[in-house]
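Read-outs: derived from the displayed coordinates by stated rules, not from any lab. The shown structure was predicted, so the numbers you read here are calculated from the model rather than taken from an experiment. Cβ placement follows ideal geometry from the backbone for every residue including glycine, while neighbour counts extend to all protein chains displayed.
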Amino acid sequence: MRKILMVLMLATALVSAGGCASKKPKPGASQSTEVGANNGADSSGAGADAANAGNVGSDEDVAGPTGGLLAKRVIYFDFDSSDIKGEGNDVVAAHAKYLASHTSTRVRLEGNTDDRGSREYNIGLGERRAQSVRRALMLQGATEAQVTTVSYGAERPAVVGNDEAAWSKNRRVEIVYLGPGGQAAPVQPQR
Amino acid sequence: MRLNKPVAYIATALMAIGCAIPAWAQLKIEVTNGVADPVPIAIVPFAKPPADNSLDVAQVVEHDLQGSGRFRALARTQMPASPTQPNAVVMTDWKNAGEDYIVVGRIVPLDGGNLAVDFDLLNVLTGQRVAGQRFVGTPSALRNAAHRVSDVVYEKILGIRGAFATRIAYVSVEGQPPAQKFQLIVADADGENQRLVLESRYPLMSPSWSPDGQWLSYVSFENKRSAIYVQLVRSGERRQVSARAGINGAPVWSPDGKKLALTLGGSSGNPDIYVLELQTQNLARLTEDPSIDTEPCWSPDGKFIYFTSDRAGGPQIYRIGVNPGDRPKRITFTGNYNARPRLSADGNLLAMVTLDSGNYRVAVQDLSNGNVRVLSKGHLDESPSFAPNGSTIMFSEREGNRGILATVSVDGLIGLRLKSEQGEVREPAWGPFAQ
């Protein structure tokens, strides 16, 4: 027993000693995680299934179209609902029309919830909202290949707060335009 | 747990592995409520080699025991003497000071640079030596040795295995989008000795320990979509195990360490529960329902998975056998919101988030009779996680607009708060006993 404990303690000590040596990032290494190239580095490729492969690689966020309703990128929802309401329908219709006439343009729909309840269940609710917008876009002319979804659940609030004013701004889907798909990813500047 | 498939391991530049976190981020324990009759105990400062200014072992032990809510430690200024050997303890002095037990100890340098921590636990009322033990390690392992002293004292007096020498993982968040900073942190169960495991500008979620305490699984959105990783805590080596279309969420290790239960949403966005075998990458689908099925957790025997589903309207907890073809059985019936199940190590208690008169709180359901008890008192409490000894649940709660970690004993009598000076901490995952 004592021997085991000693080994454990030594292991702990090694970790604390060895770990901090690696504190400094490698020269030139980025602390940012916004690196599409990372997909290649995680070369185990485990689980990156074929259905997904077509959507990976060039998810560079771009400004996208402007003017009128196209400048609006956020659809809001009622509590516990994934129904698109009021002006949200007009915003979705405008983006659907744009996507239908720009078939190489792609968007990512980011679903979000307010922060009440459990986190992974909220991921499910946020996805449901993103899928609701995705279906509406596709019904109005966008194609499946043009629209991907991600749910951030309650993890990326637009507004911080514990009241309905904050919550109502967080129950949303954001439309993010992406760089051209089906081609090589934009060249990253070398540093 | 072994991952011996020849896959490419990477340790990316976005990690600062195993590094101490500045003092401002430390968690401080505050007892919010305790038992009416805590055991009075005196933990006398341990003898140290001359000129040794290392860790105050007795103080760590005092902090552990006092922080458990089941002990009341005698202040040093009230101590009648400072014995460090059991035969130097004058029992009547300590009895008169109102103590039931006394701990004395010594830190002894050994050849080769190691230290021995010797301690004795004495019953002041009977005069008997209840326990005595030696822990040996490097000077940097002193804190762990102190937690092991606490474990022995706790078990000898209360008859329950101590869980002070265990670790927790949790998520820390600073700032607002788009300038958020997410950190995955591992610390001792008392919140000290923090180590940064991973840092990202995009959400990190749902840490879960492997049963051997060597690995963490978690969800990272670092590529602007969800993916599940497993990471060796000691070295930082990690491996992406699922980056399928749609949701990759809620990973939890199987009791045998060979599989992950997880949630996959697919491109059509229908979250269901799957089991992924880590070595073979074989994937088995357990649920198939248009509702949200998520937040799986294993029964300790590995035969069942409990999960959240809103197939009946609001979220409730269901159980399904891991063999394909089993049908889910509903487990919770009290109230209209029950989510995020976790089971105690003996499989008897189910902890969950429940909606309790407008407040999201931690509750436990006795699986033998279905009785539900609400344990926490906040309004946005979440992510309950059992200590490996089953006596305590750690969870996150809100203080103003930020999340802090708290614990509550399963009998609801003892509440603690682990306060961090700034930032938000959440999603605690209590690791297993050290092996």
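Assuming a viscosity of 1.306 mPa s and a temperature of 10 °C, what translational diffusion coefficient in µm² per second does Stokes-Einstein assign to region A:68-189, Rh being the Kirkwood radius over Cα pairs?
After rounding, the answer is 108 µm²/s.
Of B:Val61, B:Val39, B:Val233, how do they rank once you tally other Cβ atoms within 10 Å and put the fewest first? Intermediate results must be reported in sequence, preceding the final value.
Numbers: B:Val61 30, B:Val39 18, B:Val233 24.
Going from sparsest to densest Cβ surroundings: B:Val39, B:Val233, B:Val61.
Using θ = phi - 60° and the Karplus curve 6.51 cos²θ - 1.76 cosθ + 1.60, what whole-Hz ³J(HN,Hα) does each residue of region B:213-226 get, with Gly and Pro shown as x?
Whole-Hz 3J(HN,Hα) from phi for region B:213-226: x, 9, 10, 10, 10, 6, 9, 10, 9, 4, 9, 6, 8, 7.
Return B:His63, A:His102, A:His95 ranked ascending by Cβ neighbour count within 10 Å, so the fewest neighbours appear first. Don't skip to the end; give the middle numbers.
On the way: B:His63 21, A:His102 14, A:His95 28.
Placing the least packed residue first, the sequence is A:His102, B:His63, A:His95.
Residue separation times 0.36 nm, minus the C-alpha to C-alpha distance between B:Leu158 and B:Ala88: what's the value? Mind showing how you got there, number by number?
On the way: separation 70, 0.36 × 70 = 25.20 nm, distance 2.55 nm.
Answer, rounded to one decimal: 22.6 nm.
Where q = 0.11 Å⁻¹, what log10 of I(q)/I(0) comes from the Debye formula for region A:100-172, counting one point per Cα?
Debye output, listed in q order: -0.31.
Hey, which aspartates and glutamates would be in cross-link range of B:Lys377, C-alpha to C-alpha under 18 Å, not counting anything within fewer than 8 residues on its own chain?
A:Asp115, B:Glu30, B:Asp356, B:Glu397, B:Glu399, B:Asp411, B:Glu427
Taking a ≥ b ≥ c as the square roots of the Cα gyration tensor eigenvalues, with a/c under 1.5 meaning rounded and otherwise prolate when a/b beats b/c, else oblate, which class fits region B:369-435?
On the way: a/c = 2.14, a/b = 1.26, b/c = 1.71.
The shape class here is oblate.
Where a ≥ b ≥ c are the square roots of the eigenvalues of the C-alpha gyration tensor, would you call region B:97-184 rounded, which needs a/c under 1.5, or, failing that, prolate if a/b is larger than b/c, or oblate? Don't skip to the answer; put the middle values down first.
Working: a/c = 3.49, a/b = 1.77, b/c = 1.98.
Oblate, since a/c reaches 1.5 and b/c is not below a/b.
Can you compute 3J(HN,Hα) from phi for each residue in region A:64-79, using the Karplus curve 6.51 cos²θ - 1.76 cosθ + 1.60 with θ = phi - 60°, rounded to whole Hz and x for Gly and Pro?
x, x, 10, x, x, 5, 5, 6, 8, 10, 10, 10, 9, 10, 6, 4
What list of whole percents do you get for P(r) of region B:37-158, with Cα-Cα distances grouped in 5 Å bins up to the one holding the largest distance?
2, 12, 24, 25, 20, 11, 5, 1, 0
For a quick check: with amide H placed at 1.01 Å from N, whose amide H comes under 5 Å from B:Thr332's, ignoring anything fewer than 5 positions away on the same chain?
B:Ile317
Quick check on the exposure proxy: order B:Asp212, A:Asp83, B:Asp118 from fewest to most C-beta atoms within 10 angstrom.
Details: B:Asp212 14, A:Asp83 10, B:Asp118 19.
Going from least to most buried by this count: A:Asp83, B:Asp212, B:Asp118.
Show me the GluC sites (Glu not before Pro) within region A:54-135 that DSSP assigns to loop and that have at most 16 other Cβ atoms within 10 Å of their Cβ.
On the way: sites: A:Glu60, A:Glu87, A:Glu110, A:Glu120, A:Glu127; in loops: A:Glu60.
Here the sparse-neighbourhood loop sites are A:Glu60.
Using unit Cβ charges (K, R positive; D, E negative) and no other charged atoms, how large, in debye to the nearest 20, is the dipole of region B:37-158 about its Cα centre?
On the way: 11 positive and 13 negative charges, 6 e Å.
For region B:37-158, the charge dipole is close to 20 debye.
Per residue of chain B, what 222 nm ellipticity follows from adding -39500 (n - 2.57) for every DSSP H run with n ≥ 4, rounded to the nearest 500? Don't skip to the answer; put the middle values down first.
Numbers: 3 runs with 34 residues, N = 435.
It lands at -2500 deg cm²/dmol.
How big is region B:166-430 by Rg and Dmax over its Cα atoms, in Å?
For region B:166-430, the Cα radius of gyration and maximum Cα-Cα distance read 17.2, 49 Å.
List the pairs from B:Lys224/B:Lys259; B:Lys258/B:Lys303; B:Lys259/B:Lys303; B:Lys95/B:Lys156 whose alpha-carbon separation is above 22 Å, in the order I gave them. Can you show the working numbers first?
On the way: B:Lys224/B:Lys259 25 Å; B:Lys258/B:Lys303 14 Å; B:Lys259/B:Lys303 12 Å; B:Lys95/B:Lys156 19 Å.
Beyond 22 Å: B:Lys224/B:Lys259.
With just the Cα atoms defining each centre, how far is region B:128-153 from region B:64-86? Give it in Å.
If you average the Cα positions of each part, the centres end up 15 Å apart.
Over chain B, what relative contact order in percent results from Cα pairs under 8 Å that are six or more residues apart? Don't skip to the answer; put the middle values down first.
Numbers: 1149 pairs, mean separation 61.0, N = 435.
Computed over chain B, the figure is 14 percent.
Please work out the FRET efficiency for the pair B:Gln281 and A:Asp163, using the Cβ-Cβ distance as r and a Förster radius of 56 Å; give the result to the nearest 0.05.
E(calc), rounded to 0.05, equals 0.80.
Count neighbours as other Cβ atoms within 10 Å of each site's Cβ, and list the trypsin sites (Lys or Arg not before Pro) in region B:145-176 that are DSSP loop with at most 16 such neighbours. All intermediate terms of the calculation are to be shown ahead of the outcome.
Numbers: sites: B:Arg148, B:Lys156, B:Arg161, B:Arg167; in loops: B:Arg161.
In loop regions of region B:145-176 (DSSP not H, G, I, E or B), the sparsely surrounded trypsin sites (Lys or Arg not before Pro) are B:Arg161.
Which residue, chosen from B:Gly358, B:Val410, B:Pro300, occupies the Cα position most advanced towards the positive end of the dipole of chain B, where the dipole is computed from +1 (Lys, Arg) and -1 (Asp, Glu) charges on Cβ about the Cα centre?
Working it through, the farthest residue towards the positive pole turns out to be B:Pro300.
In terms of the Cα gyration tensor, with a ≥ b ≥ c the square roots of its eigenvalues, is region B:337-396 rounded because a/c is under 1.5, prolate because a/b exceeds b/c, or oblate? Write out the running numbers ahead of the final one.
Numbers: a/c = 2.20, a/b = 1.39, b/c = 1.58.
Here region B:337-396 falls in the oblate category.
Mind pulling the angle between the C-alpha long axis of helix B:57-67 and the longest principal axis of chain B? Nearest 10 degrees, somewhere in 0 to 90.
Between helix and principal axis, roughly 60 degrees.
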